[in-house]
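Step one of this worksheet: look at the structure below.
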Amino acid sequence: MSKVGKVPIAIPDGVKISVGPDSFAVEGKHGRLEQTFRSDMVQIAVDGAEATVTRLKEGKEYRAFHGLYRSLLANMVYGVSQRWEKTLLVRGLGYRARLQGNTLIMDLGYSNPMEYDLPKDVEVEVPNPNEIIVRGADKQVVGHVAARIRKYRKPNVYDGKGIRYQNEQVIQKAGKLGGPGAA
């Protein structure tokens, strides 16, 4: 039995799961998410306040899909009830971010400010110029938006400047210790 797949998913109040022949949908206070699944591999059942995913046969591929669809369903339930969140930190002298309407504008040491148009299903908050909080119901979309924002200026390994995740450890290199011509 799959360690991930065998754990039932608790359904909080206000969340509704509907299962079709080859897709399932989760609806809650923060939106509605839909996902297709392989009905020839797994079966999804909703019993009151919990949902379970069971595989139809034994085998390596069946075990893989069992854990996958259980994780996807659990992530969707969490997302529509509480929302996913990623925090990015902007480090560097003169580096800052601000929000103008549906566009995130970042000053990152380039000659022009970098602009990122936000997707409609993601909410971004900038509580201070050096912090960006990305929130949304879909875990994959939140992670993708955070990665796209981080890509504008990845953390420099020599001085630590750039955009990093909140708990990311950037290992700094020493650089050239002796300079040119040192013995």
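Quick notes
- Residues that are among the acidic types (Asp, Glu), loosely packed, with under 15 Cβ neighbours inside 10 Å and more than 19 Å from the chain's Cα centre (by Cα) occur in the stretch 25-41; there is at least one.
- For the stretch 71-115, taking the residues that are surrounded by 15 or more Cβ atoms within 10 Å (Cβ to Cβ), small (Gly, Ala, Ser) and in contact with a Lys or Arg (Cβ under 8 Å, 6 or more places away or on another chain), the one that is nearest to Asp159 (Cα to Cα) is identified as Gly92.
- Among the residues of the stretch 92-115, those identified as hydroxyl-bearing (Ser, Thr, Tyr) and either within 19 Å of Glu168 (Cβ to Cβ) or not in a strand (DSSP E or B) (or both) are Tyr95, Tyr110, Ser111.
- Identity of the residue in the stretch 116-151, under 20 Å from Gly162 (Cα atoms) and of a type in the set (D, E, K, R), that ends up surrounded by the most Cβ atoms within 10 Å (Cβ to Cβ): Arg150
- Criterion: modelled with pLDDT of 95 or more and aliphatic (A, V, I, L, M) - qualifying residue of Val7, Val77: Val77
- Residues (of a type in the set (Val, Ile, Thr) and out of contact with any Leu (no Cβ under 8 Å at 6 or more places or on another chain)) located in the stretch 95-131: Val122
- Residue within the stretch 50-67 that is assigned to a helix (DSSP H, G or I), touching a residue at least 40 places away in the same chain (Cβ under 8 Å) and aliphatic (A, V, I, L, M) present: no
- Residue satisfying condition, being under 20 Å from the mean Cα position of the chain (by Cα) and assigned to a loop (DSSP other than H, G, I, E, B), within set Lys154, Lys86: Lys154
- Within the stretch 1-48, being assigned by TED's automatic domain parsing to the domain that holds Leu68 and among the polar types (S, T, N, Q) holds for Ser18, Ser23, Gln35, Thr36, Ser39, Gln43.
The values are calculated or read from the model by the stated rules, or taken from the named source; none is laboratory data. Please read these numbers as outputs of a predicted model, since none were measured by experiment. Cβ atoms come from the backbone with ideal geometry, glycine included; neighbour counts cover every protein chain shown.
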